[in-house]
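The values are calculated or read from the model by the stated rules, or taken from the named source; none is laboratory data. The structure displayed is predicted, hence computed values, not measured ones. Here the Cβ is made from the backbone with ideal geometry for all residues, glycine too, and neighbour counts use every protein chain on show. The area values use the complete protein model at the heavy-atom level, side chains included, leaving out ligands, DNA and RNA. Shrake-Rupley method; radii C 1.70, N 1.55, O 1.52, S 1.80 Å.
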Amino acid sequence: PLPVIVHFHGGGFTEGTPQTSSADADVKEATRNGIAYISVGYRLVAAKYHFGNDTPEELIHVDSEGRLSLDAAGKTMEDYRIRRGRQEYNTKCSYDAVQMMEHLIAHADAFGIDIHRISFCGDSAGGGEIQYLTWVYHQWNVGRYTPAGMVYVMAQLDYPVQNMMDRTWKLWTDDVGEHTKLSAILAQKDCGMIIGNPCCLGGEYCGESDYNLCNMTWQNQSMARFCAPSGFASATLGQVRDAQLWPAEDPEVGQGMPVLWYASLNMQRHQPKPFYLYVANPWNSTEGLSVVHSALYARNFAKYAEMAGINFTVYYTDYKAMVAADVGDQRFAADDGLVWNYRSSHDWVQQPGLKELPRVSSLVHQELCSQTIKTG
């Protein structure tokens, strides 16, 4: 049986599609190296789906351990009321990832794949699914499937990364300091994307959403406090962290949603072994989308992977307010003109069977996917 790359697309959980052509460069590279390639689609949070005779999609519950289940009392996703923002609908994406994994396990022999040599690969929002399958769902299914590694570019460690909550802000305050000004890491014009909920503003992220993904009370409170000119200019990251709180006391989703979101904590509780993590984030400006995919998150993947005893290699550029302690073990220029920091727990490039990679850039994603499988 062949080792397999399982890829999840990005798109902010509101757009994107799986790769469907065998002529795709990623697919050709994998199959040329004797590796099966699977690209996975999943339900998007702003779209309403129906099954059979127009039966609307069921409400998906998440318990305090992160287990997902369909509502058995007739509730649908439309019955869910947003507490903070659209990433609460990520239950759909993670549930679909589980169904994919179960289908793969059940049909591994027919597909000719080795279910114990999986490399998860993804970018941006695709990380929500690959991290759930690695750090959470796998803990209940050891022996049924085995992730060998993860390659994640434009990586996001903890969610939400828009209408950000306290845990994600804590990554920033622990790294660059709680007294750092909000304006040092975020452009005011994009405050509504990061502090606020883009789904309350319309536009490219949620535009014609089939669901109400906006809690306008929370939106107005957040925008008034931190995005108005005077508040934005004076706010510190510590103040934002302490104010933008996820309602952990909520009886329905208060404890379960964070298990879908907080990979930094989930990887401390469970990790496949041996496991190899590769992360690369190039973006480092104060633009909203750059903050969503900040190089700081790649740096923090190294931090939390090291705490969990996970083999890691990360690449990240210098980000806003970065401190001297976060400079990489090595620094070098790449073909794309960026200067990268490099951190690694192991000298993986010297392992048998690996070929020399080109100078690092965002284009080495597929090479790393393939080589993760080979080292597994």
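A few notes on this one:
- Carbon plus sulfur fraction of accessible area for segment 17-156, probe 1.4 Å, in percent: 48 percent
- Surface accessible to a 1.4 Å probe, residue 43 within the full protein complex, Å²: 20 Å²
- Accessible area in square angstrom per residue, segment 166-244, 1.4 angstrom probe: 43 Å²
- Only protein heavy atoms count here; on that basis, with a 1.4 Å probe, residue 109 has an accessible area of about 150 Å².
- Residue separation of residue 50 and residue 212 scaled by 0.36 nm, minus their Cα-Cα distance, works out to 56.6 nm of gained length.
- Largest accessible area first, the listed residues 347, 63 line up as 347, 63 when surface is computed with a 1.4 Å probe on the assembled protein chains.
- Heavy-atom SASA rank of 28, 320 (probe 1.4 Å, accessible area, largest first): 28, 320
- Rounded to the nearest 500, the helix-only mean residue ellipticity at 222 nm of the chain stands at -8500 deg cm²/dmol, with each DSSP H run of n ≥ 4 adding -39,500 (n - 2.57).
- Summing charges over all other residues whose Cβ lies under 11 Å from the Cβ of residue 322, with Lys and Arg as +1 and Asp and Glu as -1, gives -1.
- With the convex hull drawn over the C-alpha atoms of segment 1-97, the volume per residue is 150 Å³.
- Probe 1.4 Å, all protein chains present, accessible-area order of 230, 285, largest first: 230, 285
- Segment 166-244 - percent of accessible surface contributed by carbon and sulfur, probe 1.4 Å: 49 percent
- The simple spin-label model puts a point 7 Å past each Cα toward its Cβ; for residue 321 and residue 184 those points are separated by 0.6 nm.
- In the assembled protein chains, residue 44 presents an accessible area of approximately 30 Å² (probe radius 1.4 Å).
- Placing unit charges on each Cβ (+1 for Lys and Arg, -1 for Asp and Glu) gives the chain a dipole about its Cα centre, and among 14, 104, 226 the Cα reaching farthest toward its positive end belongs to 226.
- When the convex hull of its Cα atoms is projected in every direction, mean area for the chain (nm²): 18.6 nm²
- Based on alpha carbons, the Rg and Dmax found for segment 166-244 are 13.0, 40 Å.
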